[in-house]
Every structure is written in structure tokens, then in C-alpha cells.
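Here is the structure we will look at, set down as C-alpha cells.
The values are calculated or read from the model by the stated rules, or taken from the named source; none is laboratory data. Since we're looking at a predicted model, the values are computed, not measured. Glycine also receives a Cβ, built like all others from the backbone with ideal geometry; neighbour counts cover every protein chain displayed.
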Amino acid sequence: MAKYLLSVHTVEGEVAEPMTEAQMKQTSEQLGKIEEQMKSTGAWFFSGRLHDPDTATVVRSSQGVSVTTDGPFVEAKEHVAGFYIVEAPDLDAALGWASKVTACVGKPIEVRPFSGTAY
Amino acid sequence: MTLVKVKVDEAVVGQIFREEYGRSVATLIRAFGDIDFAEDVVQEAFAVALDRWTSDGLPPNPGAWITTTARNRAIDRLRRAARGRELERDAGSFDQTDDESQETGPVLDDRLRLIFTCCHPALSTEAQIALTLRLLGGLTTADVASAFFVPEATMAKRLVRAKHKIKAARIPYRVPTDAEMVDRLGTVLAVLYLIYNAGSAGPAGADLRQEAIRLTRIIASLMPDEPEITGLLALLLLSESRQAARFDVDGSLIRLADQDRAQWDRALIDEGHALLRACLRRDHPGPYQLQAAINAVHSDARSIEATDWPQIVGLYDHLLEVSPTPVVALNRAIAVGEVRGPAAALALVDHLELDGYYLLHATRADLLCRLARTDDAAHAYALAAGLAPSTAERSFLEARLAEMQASGSPQQRRR
């Protein structure tokens, strides 16, 4: 088994048709079902949704001093809106979960393996 | 048992290498779960073979000999090296549940697993092609690099990165399930076709074309129930049948209309036709079967004029349905031009969004030339020549332009 990061990407300013209350409810119900499935098959390790990138803060170390600055690390149009960490036997299995999530949320998902397996 | 004494030299071993390398590497990858390790021990086994066979003669089954020798080397290495335990533990990027002691006769040929791994959609097209030629075809990195006009170091880096991704991301070593098969097979066929096409720009690409045909034959024999693979094989053989007639002695391109059809290879045409009939009987025509069928119609005709163009237009209509791309639409327009004249074809061509594609401009140039619009044709020829991917194609287009300008009058009916 290996762990994979499934990061859900959104493109800033690219607002799709605003979702109706009913659609939003449906999406979150579907997502809930997928997460239940992940948990019952032992694939779910962790997941979370993030606030917008303008809530981000960057800390870097410069000559032994921590410097804190406002804003996301990379000013980009695309950013990570949320992520899953899943355990899967191989890439195809991880891609299978990513397909389910992307079909539900309508946003592209990057699938990336964690290096090392011991944690 | 009587052994036939064959004179064994480097050429014989080289021939066996090309035929057996992929099979041995595929088996060793399944047994040990590591691509680099498998390549190493198979290459070692061939080095031993070169030495031993030239003095003792060929063993009864050279391929099995290589696989056994490579496997023994692998086990020795794992036992000997302290790294063995480490490798055995880390090697598990691929499933190792299969019985390793089985030397021959696994239900599934490992080469099938290997091609689906090499052509996994998580890898870039360049990586898919490079891995397929390197691991299944046994081509050296230098050969693959020169076939694709990139420096050897670039190709080496590409292969290392691709193999690293297979390992790190755990791209599986297995044949896809039925549900995934259509998509995944499509990638495999596209890679084989790209390899063939990379070899068809000039007479020098013979090795790539032969390799594409050889690999397609293997895949077709391993998956006899997939008509599109047979369709691709038919398409490659029918294309190959014209190869000798496609180039002048000086290497310049000869159009279909001007080719000496007596030079077409009848044996390849017959085999292509037989394969095509066999797969079309399944009544599941996909893009490769339809392209093969179009080629088959051409190969039936004694001349460009005697070609059954209405049938070709019909096949293109069908192809456009299953594969609605502008390139297919362009080829269909050319066929329409043969049935309904250049004006009808030009009207279709002018609708296509293919501005960066040299054949669009080459086609427009020919049609304009036939319509006696010489200035427009000259402009289109120049555009096409500027975009042409190879010297052979560029000089062909420049020659056409010169020919048109020299004649000073509109061309005869020509394609």
C-alpha cells in the first residue's frame, strides 16, 4: 500500500454557474458518500477543505530569523482548494478515487504519491 | 535429440536479442518487480550468450535460455549482495503474487503487462514511446534518441524519469480490466502507430517501422479478440506495402498519384487484406479498421483514376463519425475533391481550423492549382513548405511550386 495526495484544484475567477442550494446539497451528499466509501474500504487517511488563498500566510527563515509575510507562497491563478490523502495498492486505484471525486466536484485533481511508506 | 549446428555470430545473437529481449525483460520484471534490475540481468545474460553460443552453438530454445540465465543471475545477485535484502524489500513496486518458479507457459504473456505499463496514461506520450521501444523493442537509448532526433542524454533522462515515476507512483504491472480496456488499449495502439509514423518520413526510418509492425504483431497475437489491434496491423502492413514506391532515388517524396504501383508489395497487401477481412467480420469497426479499409481500397486500384473514390468518401464519412478530428475531415475533403471536383473540396477545406498543419496548406495549394488560381496556390505552397516537418516534405512542396510556376498555366488534373 502507498499513500497518495489527491489535491483538488480551482482556478481563481473561473466561477462556474453558481450552484443552487439544491445542487450544493446534492454535491455535498455525493461527496459524503464517496468519503464513506473511502473509510469503509480503508482507503481514507485524511481529508480537508481549505479557505481561499488570501487567508494564507508564509513563514520563511532568513539568516536564522523567521519572517512572516502575507499571502500565498505562489501568486497563481490555480490553487489547492482541498485535498484527500488515500491509501491505495497502486496508481490505478488512487486514480479511481480521484475520478469519483472529480466527477462530483467538477474540478481537476492532481494525484501524487508520497515518498516513503513508513508513517 | 539432434542439434542443428548453426553458425553463431554477433548478427545471430543480435537477431535473437531483438526477438527475445522484450519477453525476457517482461518476465524478469514480474518476477523481481524492478525494471532497471530486470534490464541489467537480461543484458548480462546476453553478454554471456554472445560468449558461449559463438563457441558452443545455439541452445534448443535461446529465448528460454536467456530468461533462465537472467533469472539465475538475478537470484545470485540478490543472495550475494548485502543490498539483496534491501532490494527484495523495496522491489515491491509491482505485484509479486505470481508463482516465480514457473519458467514458461504462464497463462498471460508478460509482454502484455509490460506494454500496458509502458503506455500507461499517467506517462507522457514521449515517455510511452521511449519506454516501449527500450523495454519491449530492446533498442538502445542511443537508437531511440536518434530516431526522435534528440540528444542521447535527453533521451536517457526521459527514460530515467519515466521509470522513476512508474516506481514512485506505483503504476501497476498488469493488463487492465475489461472496463478500462477500451481507453487503455487506445493508448497502446496510438503509441504503436506513432512509432510507425515516426519511421515513415523517410527511407531511413525502416527500423522504427519494422519494430512497430513486429510489436503490433505480438500484441495482435496476444489479444486476438480485439479487432482494432488487427485493424492497426492491417493498416501498418498496407502502408508499408507502398513504402518502396514512396520515395525517389534522391529521397524525395512521390505522391500516391505518381507512384509506380508495380513497386507495391503484393505480399504485404494480401496479408493486410486478409487481416482486414477477418476483423471487419466482427462488425465493430473503429478508427484503425476504417483507415486500413481506406488503404485497402487504394491498394485495389490500378491507378489513381481507377480508384473507387465514392467508396473512400463513404469510409471517411464513417471514420469522421467515430473519430471527428480536423485531420480526418481534411482527408475526407481530399476524397470528396476526387468525386465532386476541387471547388467542392476547397469549400470543405476552408472551414477547417488547422492553420498550423502543413498538409492543410499543401492540400489547399493543390486544389487552388487545379482551379487555376495560381497566385493563391503559390501562397499556399509557401505556407505549407514553411510548416513542413521534414526536408523530404519541404523539398517536395518547393518542387511542386516550381513546377507550377514553370508551366505558367494551370496544371492538369492532378492530386
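With a requirement of 2 or more residues that are over 23 Å from residue B:294 (Cβ atoms) and within 14 Å of chain A (Cβ to nearest Cβ), the helices (runs of 4 or more DSSP H) lying completely within the range B:128-236 that satisfy it span B:152-168, B:178-198. Taking the range B:321-381 as the region of interest, the helices (runs of 4 or more DSSP H) fully inside it that hold 1 or more residues being β-branched (Val, Ile, Thr) and touching a Ser or Thr at 6+ places or on another chain (Cβ under 7 Å) are B:326-340, B:342-349.
Taking the range B:347-357 as the range and being under 16 Å from residue B:313 (Cβ atoms) and in contact with a helix residue (DSSP H, G or I) (Cβ under 7 Å, 6 or more places away or on another chain) as the test, the residues that pass are B:348, B:349.
Taking the criterion of being over 18 Å from the mean Cα position of the chain (by Cα), of a type outside the set (S, T, N, Q) and in a loop (DSSP other than H, G, I, E, B), the residues of the range A:16-55 that qualify are A:16, A:17, A:18, A:19, A:42.
Yes/no matrix, rows are residues, columns are (1) within 30 Å of residue B:166 (Cα to Cα); (2) surrounded by 11 or more Cβ atoms within 10 Å (Cβ to Cβ); (3) modelled with pLDDT of 90 or more:
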site: A:12; (1), (2), (3): no, yes, no
site: A:16; (1), (2), (3): no, no, no
site: A:59; (1), (2), (3): no, no, yes
site: A:99; (1), (2), (3): yes, yes, yes
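This table checks each residue for (1) surrounded by 18 or more Cβ atoms within 10 Å (Cβ to Cβ); (2) touching a residue at least 24 places away in the same chain (Cβ under 8 Å).
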{"residue": "B:372", "(1), (2)": "no, yes"}
{"residue": "B:375", "(1), (2)": "no, no"}
{"residue": "B:382", "(1), (2)": "no, no"}
{"residue": "B:392", "(1), (2)": "yes, yes"}
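Which of the residues belonging to the range A:70-95 are exposed (fewer than 15 other Cβ atoms within 10 Å of the Cβ) and either part of a loop (DSSP other than H, G, I, E, B) or within 14 Å of chain B (Cβ to nearest Cβ) (or both)? Correct list: A:71, A:73, A:74, A:75, A:76, A:77, A:89.
Of the helices (runs of 4 or more DSSP H) lying entirely inside the range B:1-117, the ones with 3 or more residues being modelled with pLDDT of 85 or more are found at B:10-32, B:35-56, B:62-80.
Only residues that are among the aromatic types (Phe, Trp, Tyr) and either surrounded by 21 or more Cβ atoms within 10 Å (Cβ to Cβ) or closer than 22 Å to residue B:33 by Cβ (or both): list them for the range B:130-184, please. I'd like the intermediate steps shown before the answer.
Of the range B:130-184, the ones among the aromatic types (Phe, Trp, Tyr) are B:148-149, B:173.
Passing the criteria: only B:173.
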